[in-house]
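Q: Following this message is one structure expressed as structure tokens.
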């Protein structure tokens, strides 16, 4: 949640727009469109809108580690229709590739081929415009490494729950940098401002990515049984 930019294009740590007590205002529109967020009203079965409160102290149905709150306290709103009785039901067709991805593929390729390319910058800005985020800064667009990170972060936020992120991390060869960090959820103290990233948070998951093993998946044993020419097994997956 902290990685979503403010509308001025700055991080929450750098932007004067960010309010720790009201962290969902003046942020990338995709944040509210993607997740149920603490304190933001959601539609209840009785037809009323009341704040989503996943902290265990509220003892709500969406509390963490219950059916509604998951491991982090943040739940997907994307692909869910609030007025449908069953989670996961939606009017939205499942996207395979959509225009935003065409733009970001173009931007990524051009940034690698010709850093500072104006078409690449324009493509990213078009995606950001729909999200209500300021254009890429000249400092970022003129620097290949910074622009690469901008594009990767856009993909991270644009394609949440579309099964792109994991494979992006693999092809960029940065999975061990990202997936070997523990995952955290909402602030663990209910009295702390919900947007204060400096406060203790619930640990949601211990994660480990072994680059010597996890960049490749194992060849299924059922496939090996049918064709021994598939041996040897991929590295570090041998029994």
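Q: Just one of the numbered conditions (1) modelled with pLDDT under 90; (2) assigned to a loop (DSSP other than H, G, I, E, B); (3) out of contact with any helix residue (DSSP H, G or I) (no Cβ under 9 Å at 6 or more places or on another chain); (4) over 26 Å from residue 164 (Cα atoms) is not true of residue 66; which one?
A: Failed condition: (3).
Q: Related question: Taking the criterion of being surrounded by fewer than 17 Cβ atoms within 10 Å (Cβ to Cβ), modelled with pLDDT of 90 or more, in contact with a strand residue (DSSP E or B) (Cβ under 6 Å, 6 or more places away or on another chain) and not in a helix (DSSP H, G or I), would at least one residue in region 37-48 satisfy it?
A: yes
Q: Right, another one. Can you name the number of the only condition in (1) loosely packed, with under 13 Cβ neighbours inside 10 Å; (2) in a helix (DSSP H, G or I) that residue 84 fails?
A: (2)
Q: Just checking, does region 3-20 include any residue being modelled with pLDDT of 95 or more, farther than 23 Å from residue 202 by Cα, within 21 Å of the chain's Cα centre (by Cα) and assigned to a strand (DSSP E or B)?
A: yes
Q: Return yes when residue 31 is at pLDDT 90 or above and under 16 Å from residue 131 (Cβ atoms) and no when it is not.
A: Spelling it out, residue 31 is indeed at pLDDT 90 or above and under 16 Å from residue 131 (Cβ atoms).
The values are calculated or read from the model by the stated rules, or taken from the named source; none is laboratory data. Just so it is clear, the model here is predicted, and its values are computed rather than measured. Glycine also receives a Cβ, built like all others from the backbone with ideal geometry; neighbour counts cover every protein chain displayed.
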